[in-house]
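The values are calculated or read from the model by the stated rules, or taken from the named source; none is laboratory data. What you see is a predicted model, and the numbers here were worked out from it, not measured in a lab. Virtual Cβ from ideal backbone geometry, glycine too; neighbours counted across all protein chains shown. These area figures cover heavy atoms from the full protein model, side chains too; ligands, DNA and RNA do not enter into them. Shrake-Rupley method; radii C 1.70, N 1.55, O 1.52, S 1.80 Å.
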Amino acid sequence: METLIQWGGGVWGGIGLAVLQIAAFLLVLLLGIAFLLWMDRKVLAAVMMRKGPNVVGPFGLLQSFADFLKFVLKEIVIPAGANKTVFLLAPILSTTLALVTWAVIPVAPGWVISDLNVGILYIFAISSLGVYGIIMGGWASNSKYPFLGGLRSAAQMVSYEVSIGFVIVTVLLLVGSMNLTDIVNAQAGGFWNWHAFLLTPEKLPLFPVMFAMFVIFFVSALAETNRPPFDLPEAESELVAGYQVEYSSTPFLLLFLGEQVAITLMCALATILFFGGWHAPFPVPIAADLPAWLTSLGSFAIFVVKVVFFFFIFALVRALVPRYRYDQLMRLGWKIFLPTSLVAVIVVSAYVVFLQPGMEA
Amino acid sequence: MPLIAFYILGAIVALSAVLVVAARNPVHSVLWLICAFFTSAGLLVLIGAEFLAMLLVVVYVGAVAVLFLFVVMMLDVDFVELKQGFQNYVVSGAAIALILFAEIGVIAASIGPGSNATMDPSPGADTNAEAIGAVLYTDYLLLFQLAGLILLIAMIGAIVLTLRGRPRAKRQNIAEQTGRKRKDAVELRDVRPGEGV
Amino acid sequence: MNLITDLQNSAPEAALAIIGLAAVLIGAIVGEGSRLLIRTIAVAALAGAAVLAAQQYGSGRLEAFGALYVATPFVAFAKIGLYALAAISLLVSGKSLKEAAVDRYEYPLLILFAALGGGVMLSANSLMTLYLGVETLSLPSYVLAAFRRDHVRSAEAGLKYFVLGALASGLLLYGCSLVYGFTGSASYDVIAEADLSIGLTFGMVLIIIGLAFKASAAPLHVWTPDVYAGAPTPVVTFFATAPKLAAVAVFANVMFSAFNGHETDWSPIIAIIAALSMIIGSLGALTQSSLKRLLAYSSIANVGFALIGLAAGVEVGASAILVYMAIYVVGTLGLFVGLLTIRKDGEPLDTIDDLNGLAKAKPLVAFGMTVLIFSVAGIPPAAGFWGKLAVFQAGLEADLLWLVLVGVVASVISLGYYLRVVWAMMVKPSDSTLDRSDWVEVAAVVGASVAVFPVLTITIQSLLDAAASATLG
């Protein structure tokens, strides 16, 4: 009896701890995204020589919170011909899936909710489900523009997933593990060990390949998250707003939030796979008697800076690059990225098998 | 604890599998199918085969089912008509289903309860992925390559049956476009008023 | 075992796969301009594979890829026929492909891959290899049946073939999984050792159903007439010969090597399938007016005759199956090529009435086809008779008197429609003019007819010996 209680306590204790971790993680993430959104709009405004949001709070910093309140307080309008269940399920699904992916992202040494052995596959699997939110929303609206937008986005996301998959495979081959913490740790020591800039003597032959992979990953990430210049699913000049035409109020908020979370996730992924995760660009001497939480906090700060940097680039691209045509988008994905990344997989595996020291086949 | 999870997941799989067939709307059928795939992946995680679970999600939920959904959404399936056809075959269909169920029943009875087979999701290796990789490219190389060949054939077949070269279609020639010089495209003329070009 | 020896031991298939992949690349890069080149490559590759298979025939039992692949003389014999027939059917189809406007570079590639699949399933020594081989053969076949995609009946043939074939594949797979579950292995060697249990029986029956479908034996024959009638004639020339031989041989191979220990259990099932095929095939052909449908029913009946050899068991039946099928497919090849030659204004003709007066219009073709029909019908001087004799003898040795009697009755019935075709060609007057025939086609018809009579009749003993030695290993 006693052991039973103990066992139960252990399980419930574990679950309680996990819930607390998740809550803390989500709080930081969502707050962060609120400010990232503000940054997005500021960057866009700066490129257009406008001021951007500057009324709510100092420098308009609280703009996102004002928007949030506005969305939540409005009435939910469901079109008469819509398939109600699916219509409401779609935004919930897209936000949930986007958030769930963060479970395996290590933001600092040991700071990860679930250190999964197949972490990268998990991310790949869950983010490939993101398309359902869009395609279900587009279909359930029972209206032409959303449906077209949903179809476009499904085709687009499936296409770019393929090359993202191959890019991830090249990183996996180099590291020899699918665990994200291992991937980050393989890039320790300085920026010349980061996968985007492999400048150490023995890995120099891979530098052009992996840099190309980084570029492909970044562009595919733009396409995968339906960001400009690949925002054809919601192209406002053709499809009004694509799959989200019929959405309003909280469901729209959720769709929008899901999108932003996915974008931030892609930034984090680029950081982890190619930019050394939480490692500083130069070896930093750390005093041995420093408490662990302090070094972890430092690492976390480095990680956040990198993610913000990528988000800044995302915002810049949105402001600077004109939208692709649909056939150009498909050509880029299938005829350029896919063959290039396939060749890269072969080159990297050849390197790993024949050249990499300590990897005797 | 895993047992409870197993029964919950198993019930969801069974329920969604039934709903795939029972749902009136084909799109709902596909959505239930996706649910069934996803929960099956959960079952795989329970036995420790997390690599297979992820592959199931990536391949079936992330790619195959999306295309299913795509097709089903675009096809305008007439359900009244389908239901009529269904009635014609209900007797023979039920008979075949009964026979297959009876087979499963007989076989299950012949094994009897208490078969204590244990599962090892990663025999001879640390992780699931390593265990699969170690045999896939060595012992089962032939089968792996053959499966690839079959997919290639399917691709060729799909192209043969659907690709139609349209001789009058306008295509973009990027090299030509970017190779254009100013003198090929622009001509400067001094147009006087009242004379036209 | 390293990769090099594996590839050497599976040389015919390895060569076909590599050349086929190279040809796909050539076709994809060069485009439609490479049709002739790719067809030549494919014919050469198939002929080369036949030669390599002949080498396998001479070198006993070869294993590759961890015994997933095994080449015995029995399967090597069938593979020689498979590859040679595929090469010939591709060689003679040039003109009619152009006429039917389906001359595309994918056509020879699909034939090549289908033949490769046939070779793999013949050499399978594991249910997994068997299944993948069957699929590698089936997928190109579905596409080939629908190859004339703008033609309603061709598309219909493709769809029917695909839907029914997928069902049969599913049953085969279900059977394989049951057998695997109850024996603990997919390898033929292990399955052969296993005790018969109820699960194994169910699995075996399901595998028999799946293979019977692929061989188009009754009661799983219903797709055959529709597919033969709808698919383009050059494609049917291929279907009716190479895959047919491979399907019957693989049926025999699976039964003999994986389930040999349980012969008393499966032999009655096969005997019933054989009897049904012979009766349904012969009766069904009587009422047909379309030549392709007639030949489809004829092929069902002939598969039934070959299955007598299977029902008779490995000792007496194996060589009879090889001899019967070898002679039968040569005759069928000739007959279908004969059909290819009969065109009017570029459109292939298909009814028995279209043969009227062929003896006057194309005496060489008409005479050749008559000889071929005699052979397929099993009328004495032609080689077909010896084939039938071999399977009947095997049946008698295995105490299957009733089955042999059914066979004899079916043969007599079948004379009814065979002679109707001969009558149309030889006696009835013609009222239309036909297109000129391609010399390759005429040569093939004449060659096939010379082969069945007198060449094979004279050398029948050496064929019997070759088949007998193939089954000893």
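A few points about this structure:
- Note on A:Leu320: accessible area is roughly 110 Å² with a 1.4 Å probe, heavy atoms of protein only.
- Computed accessible area, C:Val92, all protein chains, 1.4 angstrom probe, square angstrom: 0
- 3J(HN,Hα) along region C:75-80, derived from phi through the Karplus expression 6.51 cos²θ - 1.76 cosθ + 1.60 where θ = phi - 60°, amounts to 6, 5, 4, 5, 5, 4 Hz, with x in place of Gly and Pro.
- Per-residue ellipticity at 222 nm computed for chain A from its helices equals -21500 deg cm²/dmol, with DSSP H segments shorter than 4 residues left out and the rest contributing -39,500 (n - 2.57).
- Highest-fluctuation residue, A:Pro79, A:Pro58, A:Pro339 considered, GNM on chain A with Cα pairs under 10 Å: A:Pro58
- Top positive-direction residue, dipole computed over region A:34-192 with Cβ charges, set A:Ala125, A:Leu37, A:Trp192: A:Leu37
- Per residue, the convex hull volume that the Cα atoms of region A:145-239 enclose (Å³): 104
- Accessible surface ranking for C:Glu441, C:Glu263, 1.4 angstrom probe, highest first: C:Glu263, C:Glu441.
- Extent along principal axes [Cα atoms of region A:1-113; Å; largest to smallest]: 69, 46, 22
- Global form of chain C, assessed from the alpha-carbon gyration tensor, a/c cut-off 1.5: oblate
- Here the relative contact order of region C:264-473, from alpha carbon pairs under 8 Å that lie six or more residues apart, stands at 30 percent.
- Compactness of region C:1-152 - radius of gyration and Dmax, Cα, Å: 15.6, 50
- Calculated mean residue ellipticity at 222 nm for chain C: -24500 deg cm²/dmol, from DSSP H runs with n ≥ 4 weighted as -39500 (n - 2.57), summed, divided by the residue count and rounded to 500.
- Amide N proximity, region C:355-375 versus C:Asp431 label position 7 Å along Cα-to-Cβ, cut-off under 20 Å: C:355-362
- Taking a span of 20 Å or more along the helix axis (Cα atoms) and a mean Kyte-Doolittle hydropathy of at least -0.5 as the rule, the DSSP H helices of chain B that qualify are B:2-22, B:26-46, B:79-111, B:141-162.
- With a 1.4 Å probe rolled over the protein heavy atoms of all chains, the accessible area of A:Arg41, B:Arg180 falls in the order B:Arg180, A:Arg41, largest first.
- Cα-projected label distance for C:Leu196 with A:Leu61, points at 7 Å along beta-carbon direction, nm: 8.4
- Positive-end extreme of charge dipole, the protein assembly as shown - chosen from A:Met48, B:Leu31, A:Pro208 (charges on Cβ): A:Met48
- Point-to-point label distance, A:Leu73-B:Ile8, nm (Cα→Cβ direction, 7 Å offset): 3.8
- Accessible area of A:Trp192 in the full protein assembly, 1.4 Å probe (Å², nearest 10): 80
- Computed on the Cα atoms alone, the convex hull of the protein assembly as shown gives a volume of 248 cubic angstrom per residue.
- The protein assembly as shown - charge dipole about Cα centre, Lys and Arg +1 at Cβ, Asp and Glu -1, debye rounded to 20: 3320
- Over region C:25-87, relative contact order from alpha-carbon pairs under 8 Å, at least 6 apart, %: 34
- A dipole drawn for chain C from +1 and -1 charges on Cβ atoms has a positive end, and of C:Ser319, C:Ala145, C:Val365 the residue lying farthest that way is C:Val365.
- Magnitude of the charge dipole, region A:76-355, Cβ model with Lys/Arg +1 and Asp/Glu -1, debye to 20: 420
- Efficiency of FRET from Cβ geometry, C:Ser469 and C:Ser59, R₀ 22 Å, rounded to 0.05: 0.95
- For chain B, built as a Gaussian network whose Cα springs stay under 10 Å, the top-fluctuating residue of B:Ala175, B:Ala129, B:Ala14: B:Ala175
- Under 26 Å from the Cα of A:Lys335 - lysines, other chains or at least 8 residues apart: B:Lys170
- Region C:48-110 - Debye-derived log10 I(q)/I(0), Cα point model, q = 0.25, 0.26, 0.30 Å⁻¹: -0.97, -1.01, -1.17
- Residue-span extension gain [A:Leu204 to A:Ala80] - 0.36 nm each, minus C-alpha spacing: 38.6 nm
- According to the Kirkwood relation over distinct C-alpha pairs, the hydrodynamic radius of region A:275-361 is 17.5 Å.
- Residues in region A:198-213 that a label on A:Phe309 would reach, taking backbone N under 18 Å of a point 7 Å out along Cα→Cβ: A:198-200, A:210-213
- Model label zone, C:Leu286; criterion: amide N under 19 Å from point 7 Å along Cα-to-beta-carbon; scope region C:394-412: C:405-412
- Expected 222 nm ellipticity per residue - DSSP helices of 4 or more, -39500 (n - 2.57), all of chain B, to 500: -22000 deg cm²/dmol
- Just so you know, the Cα atoms of region C:264-473 work out to an Rg and Dmax of 17.5, 56 Å.
- In the structure shown, the pairs C:Lys160/C:Lys292; C:Lys360/C:Lys428; C:Lys292/C:Lys360 are assessed against 19 Å; a Cα-Cα span above that value is assigned to C:Lys292/C:Lys360.
- Protein-only accessible surface order, largest first, of C:Lys362, A:Lys74, A:Lys144 at 1.4 Å: A:Lys144, A:Lys74, C:Lys362
- Around C:Val92: net Lys/Arg minus Asp/Glu count, Cβ-Cβ under 9 Å: -1
- Label-point separation in nm, C:Val409 to A:Asp115, each point 7 Å along Cα→Cβ: 7.8
- Scaled radius of gyration (Cα, divided by 2.2 N^0.38 Å) that region A:76-355 gives: 1.06
- Full extension of the chain between A:Ile22 and A:Asp327 yields a length gain of 105.7 nm, computed as 0.36 nm times the residue separation minus the alpha carbon distance.
- Charge context of A:Ala262, other residues only, Cβ under 11 angstrom, K/R +1, D/E -1: -1
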